[in-house]
Amino acid sequence: MGTVNKIIALTDQEGTWVQAQIDNGRFANESEYIRELIRSDQEGQDQIENLRDALIEGENSGEPETFDAVAFKQKMKQKYG
């Protein structure tokens with residue numbers, strides 16, 4: 001996999017934070033830290049998209065039905081003990 005070099009500007013506070021993460025041993029260098037932030041953001045976006053898909057599926061599934069909590073608990077008790 002190739003790499004792309006980027007130049008970013010951080011505030012003093014942000015730079016101190018990044019350096020602290022490296023000094024604490026969480027990351028080897030600035031690039032590793034930024035790549036982890038990007039991976040985390042990508043995972044978060046995937047989770048949001050999955051949630052949106054589930055909400056749309058629920059909206060398209062038809063009219064809501066009454067939920068009987070007592071019957072549900074009994075069914076789960078029978079199924080799982």
With the first residue restricted to region 28-56 and required to be open to solvent by less than 70 Å² (accessible area, probe 1.4 Å), and the second required to be part of a helix (DSSP H, G or I) and at pLDDT 95 or above, Cβ contacts under 8 Å at 6 or more apart or on different chains are 29/22; 33/18; 33/21; 33/22
Scan region 23-60 for residues that are within 23 Å of residue 1 (Cβ to Cβ), part of a helix (DSSP H, G or I) and of a type in the set (A, V, I, L, M) and jot them down. 34, 37, 38
Per the filter on region 61-81, residues loosely packed, with under 10 Cβ neighbours inside 10 Å and not in a helix (DSSP H, G or I) are 61, 62, 63, 64, 65, 66, 67, 81
Residues satisfying the stated conditions in region 1-22, i.e. part of a helix (DSSP H, G or I) and either surrounded by 10 or more Cβ atoms within 10 Å (Cβ to Cβ) or among the aromatic types (Phe, Trp, Tyr) (or both): 14, 15, 16, 17, 18, 19, 20, 21, 22
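The values are calculated or read from the model by the stated rules, or taken from the named source; none is laboratory data. The structure presented is a predicted model; accordingly, all values stated were derived computationally and were not measured. Heads up, the Cβs are rebuilt from the backbone with ideal geometry, glycines too, and the neighbour counts pull from every protein chain shown. Protein only, heavy atoms only, side chains kept; ligands, DNA and RNA dropped before computing areas. Shrake-Rupley method; radii C 1.70, N 1.55, O 1.52, S 1.80 Å.
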